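Read-outs throughout are calculated quantities, based only on the coordinates presented, and are distinct from any laboratory measurement. Note that the structure is a prediction, hence the values are computed from the model and not measured. Here the Cβ is made from the backbone with ideal geometry for all residues, glycine too, and neighbour counts use every protein chain on show.
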2 protein chains.
Amino acid sequence: MRSTPSSEAFPAHTPAAAQIFTIVLSHGPLARAEIAQRAALSPAAVTKAVRPLIETGYLVEDVDGRSRPGLGRPANLVRVDGGRALFLGVKVTGDEIIAVLTDLRCRIRIARRTPLADRRPAGVLATLSDLVLELLTEAEGFGAAVKGVGIAVSGDVDRAEGLVRYSPFLEWRDVPLADLAAMTVGLPVTVDNDVRALTVAEQWFGAGAGLSDFALVTVGAGIGCGLVVRGRVVAGAHGVAGEIGHLSLDPAGPRCHCGNRGCVEAIASESAIVRDVRAGTGVDVADAAEALELAHRGDPGARKVYARAGWAIGRAIGSVVNLLGPERVIISGEGLAAYDLFAEQIRDAFAASAFGAAARCDVRTHPLPFEEWARGAAATAIQSFIASDPPKEPKDHKE
Amino acid sequence: MRSTPSSEAFPAHTPAAAQIFTIVLSHGPLARAEIAQRAALSPAAVTKAVRPLIETGYLVEDVDGRSRPGLGRPANLVRVDGGRALFLGVKVTGDEIIAVLTDLRCRIRIARRTPLADRRPAGVLATLSDLVLELLTEAEGFGAAVKGVGIAVSGDVDRAEGLVRYSPFLEWRDVPLADLAAMTVGLPVTVDNDVRALTVAEQWFGAGAGLSDFALVTVGAGIGCGLVVRGRVVAGAHGVAGEIGHLSLDPAGPRCHCGNRGCVEAIASESAIVRDVRAGTGVDVADAAEALELAHRGDPGARKVYARAGWAIGRAIGSVVNLLGPERVIISGEGLAAYDLFAEQIRDAFAASAFGAAARCDVRTHPLPFEEWARGAAATAIQSFIASDPPKEPKDHKE
DNA sequence: CTTCTTTTATTGACAGCGGAAAAGAAGTGC
DNA sequence: GCACTTCTTTTCCGCTGTCAATAAAAGAAG
């Protein structure tokens, strides 16, 4: 069976051990006693679960970790040894592939991007494999094995099956990407929707760490949303969830490619902003960057467009908050470059639409460098590795 | 401790046993083998978990239950003995209290309603206690003990604490209703938001049985929504969730009491419909029933108002579906009396706004007699009883 | 400097849950 | 009656996590 080279499995046989590891992963060095509290387990159980993880090197005792200068015996802190394992994260967009090599703590060691010539599955797979193999050879210098590969694709993705059901940008339908990729790279492969992948990264290593209910809103070429409810990323019964971009906010608004009017994406996506800035100012801006510059130079027409985008985003966040009551909403994405232009409108529109106690929700931003999407993919690989929630193993194709 | 008379606890000590009981409760008579499948347990585990439940009388073997006329040994079906325990469900509205006595399968045995003179906590509590005690004496004829009381209140309710944080209709703030009621009735009391309570009833005994992801939309005096994600009712980090009524659909729409424009409630609630029918027809209809009659008689102005309400409801459902991807949406509530007037618009607006695979969601209606809200409250009591998720016990006030 | 208090960590005994395998039970078809 | 199938139960067993007791590592108190 388990034919992958050097693939001793992760020694968290029990769900509790995986939970403990995840807690330590998200919350830095921790005392066993505190782990016990957070996991609602007895200290003894923690000791026993931690031991094999230390013996295999996934956890280490923090030597200088002497905390609590007050009473009692000081705690022996435990943390995850990031260098113990490596992972690859790959984000496939319509015109390029971004790949990162991360450690077990999802810290990026190397990042690479390659333009994508051919969007068809075979073409993507070829480019992807080259990039992955390149990173795999480079990874050899880091003294740890690569334990898994995560791939993030926008669209309707079935993670359990490793199947890309439909991706509009790539024009794919029912591509068994996990199996295909696993065959060429010889490692376990996890495939997930890009926004959900980013949400996992945020949940474990970012602004959502420790929260059981939060939402991640991405603003950029599209408007996306990842949802975490009771500590789990929402995937929806049909693999579709968080489609915040097509909430319709104004029946008199601009037409959207989805057929409706006044969708958030039809108002606040990059292409919508470029279109509206052109129409509103007469200046023939070529892309989002130029539109942004025009607004930053103070052009009132352009600023108005951004203000409206902020209104739409704030309204959309209000809808999410009213429906799910998250503890926090994290706004991220390339669109944050324009944040100063619509921060106020987002806040106002959110405050106006949030109902009752939902308004207590903490709305904040989190910058998102371009490798972040690929890092999200790596996070899903780490998640699969820990859960031993078997990703697509190279060989056996079970059903 | 456990001082409640005749309160031998429910003998499902393990989560698995509670899960098994819930499965049998929702899915009628079942063979142990099928229970094992649904619960992802071994048949042996089911046998062992079922035995004490049968010994205590909560489950019974269906004598005539010989299924599967085909091959193999016929199954011995097991079902919940509804008559083994009784529960009370109470719904508190602004001007009346509705109470039902149900059995363990949440079938209504008696229903009562009493007008409410005084909305202040003390007044409500007095009326509620009278009604509950009346039902408790009547319950003595049914040969089973009442095991718990559920109370449903609209607004912001913290079920874990049994606390009504804020109820606009009652003008309550931070009323520890569960403790207060438990003291006067001497039984465990569960307090929950009314829509969530109804959602529990739907999840266990109604159109949501067996589904892990669905939404319940109630149309009536207000527009509410209960959400079930991965088999659990969503309560939100701050106790607010499913506030579908204040999704804003049209910035040019009618003003809502929440301060916004074009909220679903400002278009499709009973009061909004009455207001708009008056304005649109010139007929001074007194209430929703008259408005409905006018529309049913074919008045085009009135019909238009209902059509617009249908549009708003369909849009709201579309938003829920885009965000959460439920398997099914159940439309219910007193507003269903007008369903023939806006069914088409709901369907169309939903279809137009649902994105991609989310459109596969099954949207259906489910009638809702007036006692149903109280039945929802009883369902929460049953849920607390099974989970032994301790509701508010009469005596000890821990924390 | 010794002793007490406080908190953390570990150990070993133990209970209980759930699985595997095998046997038993209750039918149909031949 | 016999073979076959499927459901149910029994027995045994491993494993997980709790409990209670103990060790360990400090500061505080006298």
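Once every Cα of the protein assembly as shown carries one equal point scatterer and solvent is ignored, give the base-10 log of I(q)/I(0) from the Debye formula at q = 0.06, 0.07 Å⁻¹, two decimals.
-0.43, -0.58
If you average the alpha carbon positions of the stretch A:319-363 and of the stretch B:264-324, how far apart do those two centres end up, in angstrom?
30
Any idea what the A:Gly143 label distances to the other copies are, label 7 Å down the Cα→Cβ vector, nm, shortest first?
For A:Gly143, the inter-copy label distances come out at 7.7 nm.
Report Rg(Cα)/(2.2 N^0.38 Å) for chain B, keeping two decimals.
Expressed relative to 2.2 N^0.38 Å, the Cα Rg reads 1.04.
Helix B:372-387 sits at what angle to the longest principal axis of chain B, using alpha carbons and giving 0 to 90 degrees rounded to 10?
Around 30 degrees separate the two axes.
What is the average number of partner chain Cβ atoms found within 10 Å of a Cβ in B:308-314?
On the way: counts 0, 0, 0, 1, 0, 0, 0.
Across the residues of B:308-314, the mean count of other-chain Cβ atoms within 10 Å is 0.
Taking chain A as a Gaussian network, where each spring joins two C-alpha atoms under 10 Å apart, which residue of A:Gly259, A:Gly220, A:Gly72 fluctuates the most?
A:Gly72
Evaluate E = 1/(1 + (r/R0)^6) for B:Ile108 and A:Ala40, where r is the Cβ-Cβ distance and R0 equals 51 Å; express this FRET efficiency to the nearest 0.05.
About 0.85, to the nearest 0.05.
When a footprinting reagent is the concern and you count Cβ atoms within 10 Å, what order do B:His366, A:His246, B:His257, B:His238 take, fewest first?
Numbers: B:His366 15, A:His246 25, B:His257 12, B:His238 20.
The fewest-first ordering by Cβ neighbours comes to B:His257, B:His366, B:His238, A:His246.
For the rotation taking A to B, I'd like to know which residue in chain A has the C-beta closest to the axis, plus that distance in Å.
A:Val229, 3
Which distances, shortest first and in nm, link B:Arg173 to the matching position in the other copies, using label points set 7 Å out along Cα to C-beta?
Spelled out, the distances from B:Arg173's label point are 5.8 nm.
Check chain B and count each lysine pair with an alpha-carbon distance under 19 angstrom, considering only pairs eight or more places apart or from different chains.
4
Quickly work out the A:Asp118-to-A:Arg51 label distance, labels modelled 7 Å from Cα along the C-beta direction, and quote it in nm with one decimal.
Between A:Arg51 and A:Asp118, the label points sit 5.5 nm apart.
Once you place label points 7 Å from the Cα toward the Cβ at A:Arg275 and A:Leu71, how far apart are they in nm?
6.7
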